[in-house]
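This report concerns only the one structure given below.
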Amino acid sequence: MPGALKTTLATAASVALLWKPTVVAMFPGFLYTTDLSAVFLPDGCIGSTSQTVFVFCLIEVLVACVLLKDHVLPVAFGLERWGSYDNLKQQKLVGFIIKILVRMSCAVQIIVLVSPEFNMENGLFARFNMKEANARLVKHGQVTTCKEAGMGLRDAAALRAWIFARDDMMAVMVWELAFIPGLPLDAWLHHLFVILGVALGSDPQLLGSRAKIQPLIDGISFFLVLGATLAAAVEAAVLMYHFSAPDAARQAKWMMTSMVVQALLVLILFAGFPLALVFMHLECLGYFQSTGIVVLIGLLAAVEVKMIIVKLAIFRNARRKTQVQRQLVQVAEAPQAFLDASPTAPGGSFNHDISRDAALLCQEGLGGRQASHTSEMAATANA
């Protein structure tokens, strides 16, 4: 099979796998039943448990990883350039691509299907409380089908999309921790927290003692998940930072773009709206539980802020490299301009000085790159 055709097929297959949850959510009859009397509210109108959904999401990510790493990215970056990267950098670039595709897929589901089910007064899916339906099943043996809950096909598609998006994001984080065990400690803590939070929040049989406040908890999660999906723009900018090397000026612009978008997401979706929802419903949530939620939101925001600070150091280093590159260009052009103006001028000592200056500039640029290598890897690991 020709190389170009193989790359095209591998790319198409990877995108199709990572976008499969969005396709089946947007077209309810494509894979899951449209008969809402045959599926149950505690199962999210899916007809299977969340464990099965998670396993499918994880398998899709695993297969897409192999296709992208072996057949797509080496061609996209160039075989010689890709081969010059060490194994850790190759893994991180594969991780960026997969996370960007999955986040974009989940963003479509959240914005198009899930967001109409949310409001600041009642939270998310206030009319279709999965944990409350499961509590009725446990206490009274009352099974609630999605049709009996008053759901239409549009409501069922939205609930399925909410489960798909959370499980897809969790699958990516589980995969990334296994695929890149060298991630920094803050990335490990962030991923483990999200994985645990999604597992507890999506299981209708856990934490059911306060099922009535579940729509408010899901409302807070709605903003966090939406912010996580829109972080595809943050990671796309970091990917372009790597792709733009060795042009330091372009790298600086892309890193600044990543910082600005990430800062907006932190202010609006990771902190602003979730905290506003908590303070609006202090009495309903309870002061103890509200305090715990605020602390968790603060910890998540702190991780994001730390990443922004490290990116700022990378941005400054890129700016320094830009100045070095400009000076090297000026140094390289100066001898020719001098010779054009004075063809008979002796060039021995002049050329010697220029070469020495250029060498010093090269050493300065190389020193800056070595000094920033550790911080750059930490920042771009979980951007």
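The values are calculated or read from the model by the stated rules, or taken from the named source; none is laboratory data. These figures come from a predicted structure and were not determined experimentally. For neighbour counting, all protein chains shown are included, and Cβ atoms are generated from backbone atoms with ideal geometry for every residue, glycine included.
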Residue count, the stretch 36-48 (criterion: closer than 17 Å to PHE128 by Cα and assigned to a loop (DSSP other than H, G, I, E, B)):
8
Residue count, the stretch 221-239 (criterion: farther than 15 Å from LEU296 by Cβ and touching a Lys or Arg at 6+ places or on another chain (Cβ under 7 Å))
4
Can you pull out the helices (runs of 4 or more DSSP H) entirely within the stretch 51-111 that have at least 1 residues that are farther than 22 Å from LEU9 by Cα?
79-84, 87-108
I'd like the residue in the stretch 184-220 that is crowded, with 20+ Cβ neighbours inside 10 Å and in contact with a Lys or Arg (Cβ under 8 Å, 6 or more places away or on another chain) and, out of all such residues, is nearest to GLU117 (Cα to Cα).
GLN214
Filter the stretch 260-288 for residues that are buried (at least 16 other Cβ atoms within 10 Å of the Cβ), over 14 Å from SER221 (Cα atoms) and not aliphatic (A, V, I, L, M); the one that is nearest to the chain's Cα centre (by Cα) is GLN262
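Which one of these is surrounded by 21 or more Cβ atoms within 10 Å (Cβ to Cβ) and touching a strand residue (DSSP E or B) at 6+ places or on another chain (Cβ under 6 Å): LEU124, LEU159?
Numbers: LEU159 fails: touching a strand residue (DSSP E or B) at 6+ places or on another chain (Cβ under 6 Å).
Unique residue meeting the criteria: LEU124.
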For the stretch 44-73, the count of residues that are free of Cβ contacts under 8 Å to residues at least 40 places away in the same chain and more than 30 Å from LEU88 (Cβ to Cβ) equals 5
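Is it the case, given these coordinates, that LYS311 is surrounded by 18 or more Cβ atoms within 10 Å (Cβ to Cβ), at pLDDT below 90 and either of a type outside the set (Val, Ile, Thr) or in a helix (DSSP H, G or I) (or both)? If you could, list the steps in order and put the result at the bottom.
Values: surrounded by 18 or more Cβ atoms within 10 Å (Cβ to Cβ): yes; at pLDDT below 90: no; either of a type outside the set (Val, Ile, Thr) or in a helix (DSSP H, G or I) (or both): yes.
No.
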Boolean, LEU224 is more than 24 Å from ILE111 (Cβ to Cβ), aliphatic (A, V, I, L, M) and in a helix (DSSP H, G or I):
no
Looking only at the stretch 126-137, decide whether some residue is closer than 16 Å to ALA228 by Cβ, of a type in the set (A, V, I, L, M), in contact (Cβ under 8 Å) with a residue 40 or more places away in the chain and not in a loop (DSSP other than H, G, I, E, B).
no
State the number of residues belonging to the stretch 30-52 that are within 11 Å of THR145 (Cα to Cα) and among the polar types (S, T, N, Q).
1
Near pairs, Cβ below 7 angstrom, 6+ apart or cross-chain, from the stretch 14-31 (closer than 15 Å to GLN109 by Cα and in contact (Cβ under 8 Å) with a residue 12 or more places away in the chain) to any residue that is of a type in the set (Phe, Trp, Tyr) and surrounded by 17 or more Cβ atoms within 10 Å (Cβ to Cβ)
PRO21/PHE164; VAL24/TYR32; ALA25/PHE164
